[in-house]
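Quick note: the coordinates plus some simple rules give every number you see, no bench work behind them. The structure displayed is predicted, hence computed values, not measured ones. Positions of Cβ are backbone-derived with ideal geometry, glycine not excepted, and every protein chain shown enters the neighbour counts.
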Amino acid sequence: MGDVVFFPIGGADSIGASCYFLKLGPYNIILDCGTGLDGEGRVYEPDCMSLLRSGLVDSMDQIGMIIVSHAHLDHVGALATFAGCCSNANIYMTQLTRNVSHYQLCGRRMGEKGVSGEESLMYEHIFDRVLFVGYSQTMDYGDLKVTFYPAGHFPGAMMTLFEYEGKRILYSGDYSLNENALSGRCVVPDAPVDLLVLCSINAVRPYKNCRTTNQLDDLMSEINGILETEASLNCVMKQFSKSVELLMALNEGMTCGRIRNVPVYLSKGVLEVVNIVEEQVGPILNANMHLADSHLARSARGSEPFVLISTEREGMDMPHCVKVDADFTLHDGYLQTVDFIRDVRPGKVVVVHYDSSCFSGFQWLKRKMETDLGNGTSIDFAIRGNKYCL
Ligand SMILES: [Zn+2]
């Protein structure tokens with residue numbers, strides 16, 4: 001077994017519960033620890049027993065680092081489990097990832113019925129262990145250096161570069177090549193890397209039957225179509241963090257006239273998360289945006305249409321509104337994925353965070369990608385439970 005081993009614990013060949021193990025000689029590192037939703041909407045977590053069964057560690061106590069790339073739940077939702085069983089691990093993330101994750105996992109839940117004070121205390125204890133890292137910062141352990149780069153995608157998101165015994169390994173996390181309403185584009189390391197662990201949710205586009213345009217654009221068109229019928233909407237989000245992106249896109253659409261300009265209401269939880277993000281990225285709210293109070297549900301019919309952004313967890317009852325499932329992804333498609341790989345210049349790519357159930361042509365896609373890259377880079381679509389060595 002080589003000095004560098006990569007082992008997907010969760011979310012390699014499926015979307016959700018992203019969680020990967022990286023062994024660099026004596027260093028045992030967990031990259032992300034997210035949750036997923038199964039077909040029935042039940043939350044599941046990565047199976048840390050699979051790591052023990054792999055023989056790569058004897059005990060979770062040997063894990064020294066947990067690195068969280070960004071605040072989306074499929075990357076951070078299982079933090080409590082992993083922080084609990086990896087009791088010797090330092091936990092690293094940016095300050096904004098910490099603040100949004102804390103709110104999603106802990107702050108919001110404290111106000112809810114059925115969550116014990118004990119559980120809240122446990123989360124406080126976990127988040128007290130978090131060590132903040134910043135872009136371009138390098139942590140130097142002598143034979144291991146760890147550097148963080150802006151990933152785009154979502155405020156606070158980072159890529160992580162490991163340099164160990166002359167080998168360079170980049171974990172992309174979720175990234176974006178293009179600027180979006182909230183974050184700039186990713187910044188890749190100057191020098192080529194030996195191994196790129198690539199989160200690539202939509203690399204199969206346009207080769208499988210799925211939308212090739214930005215899903216947020218589609219959602220904006222749907223929202224405008226409903227407003228044109230004089231109806232109000234309740235845009236229901238699966239997670240708080242994405243509501244901020246939706247709000248920014250709505251604002252942009254209304255400013256440029258693509259979407260009818262109507263008042264935008266935010267649920268209490270959404271407003272609080274917007275405030276957390278504003279602390280880092282500057283003002284987001286404007287005079288057209290309001291807190292949804294208890295009168296809103298009754299005032300909908302016959303009045304001027306509005307858009308409400310709320311979350312599934314808050315379960316707001318809005319009988320006069322059209323309910324829109326406002327979940328979306330903002331990931332790059334095939335051509336941009338190839339561009340990103342070209343920028344990073346890796347010798348080897350292990351693709352994770354892709355859905356193997358939706359497409360049967362991954363061997364074909366591997367060869368196509370290698371041919372399109374044309375520079376000798378080898379591509380592997382990772383399978384959970386397999387070991388990948390460098
Ligand atoms: Zn993400």
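Computed extension gain for residue 118 through residue 255, at 0.36 nm per residue and net of the alpha carbon distance, reaches 44.8 nm. Ordering 369, 158 by the number of other Cβ atoms within 10 Å of each residue's own Cβ, fewest first, gives 369, 158.
Nearest 500 deg cm²/dmol is fine: what mean residue ellipticity at 222 nm does the chain get from its DSSP H runs of n ≥ 4 alone, each adding -39,500 (n - 2.57), divided by its residue count? Could you put the intermediate results ahead of the total?
Numbers: 11 runs with 109 residues, N = 390.
Result for the chain, helices only: -8000 deg cm²/dmol.
Backbone amide hydrogens, once placed in the peptide plane, bring residue 65 within less than 5 Å of 28, 30, 90, excluding anything fewer than 5 places away on its chain.
Summing Lys, Arg as +1 and Asp, Glu as -1, what charge do residues with Cβ under 14 Å from the Cβ of residue 389 carry, residue 389 excluded? Summing Lys and Arg as +1 and Asp and Glu as -1 gives 0.
Global size of the range 89-201: 16.5, 52 Å for Rg and Dmax (C-alpha atoms, Rg to one decimal, Dmax whole). For the chain, the longest principal axis of the C-alpha atoms and the axis of helix 117-128 are separated by about 60°. Only Lys, Arg, Asp and Glu carry charge here, each on its Cβ (+1 for the first two, -1 for the last two); on that basis the chain has a dipole of about 520 debye about its Cα centre. Put the Cα centre of the range 123-157 next to the Cα centre of the range 6-41 and the gap is 18 Å.
What area, in nm² and to one decimal, does the C-alpha convex hull of the range 215-325 cast on average over all directions? Mind dumping the intermediate values first?
On the way: hull surface 25.7 nm².
One quarter of the hull surface, i.e. the mean projection, equals 6.4 nm².
Of the trypsin sites (Lys or Arg not before Pro) found in the range 14-79, those that fall in a DSSP loop while having at most 14 other beta-carbon atoms within 10 Å are 42.
Just to be sure I understand: of the beta bridges DSSP finds with both ends in the chain, what percent are antiparallel, rounded to 5? Walk me through the numbers on the way to the answer.
Working: 30 of 68 bridges.
Taking every DSSP beta bridge with both residues in the chain, the antiparallel ones total about 45 percent.
Note that the range 164-169 has calculated 3J(HN,Hα) couplings of 9, 6, x, 9, 10, 10 Hz, one per residue in order, obtained from phi through the Karplus relation 6.51 cos²θ - 1.76 cosθ + 1.60 (θ = phi - 60°); glycine and proline are x. Cβ crowding within 10 Å ranks 93, 220 as 220, 93, fewest other Cβ atoms first.
Taking 19 Å as the cut-off for C-alpha to C-alpha distance, list the pairs among 242/366; 242/323; 145/366; 167/348; 23/348 that go past it.
Details: 242/366 31 Å; 242/323 17 Å; 145/366 31 Å; 167/348 12 Å; 23/348 16 Å.
Cα-Cα > 19 Å for 242/366; 145/366; rest within.
Taken one residue at a time, the phi angles of the range 347-353 give Karplus couplings (6.51, -1.76, 1.60, θ = phi - 60°) of x, 9, 10, 10, 8, 10, 6 Hz. Gly and Pro are set to x. What the Cα convex hull of the range 267-390 gives, in volume per residue, is 207 Å³. The chain: Rg/Rh from Cα coordinates, Kirkwood Rh? Across the chain, the Cα-based Rg/Rh ratio is 0.98.
Footprinting exposure proxy ranking of 148, 154, fewest other C-beta atoms within 10 angstrom first, gives 148, 154.
Each residue of the range 153-159 was assigned a 3J(HN,Hα) from its phi angle through the Karplus expression (A = 6.51, B = -1.76, C = 1.60, θ = phi - 60°), giving 6, 7, x, x, 6, 9, 9 Hz with x at Gly and Pro. Kirkwood hydrodynamic radius computed over the range 140-197 comes to 11.8 Å, based on all pairs of distinct alpha carbons. Helix 334-344 axis versus longest C-alpha principal axis of the chain: approximately 50°, rounded to the nearest ten.
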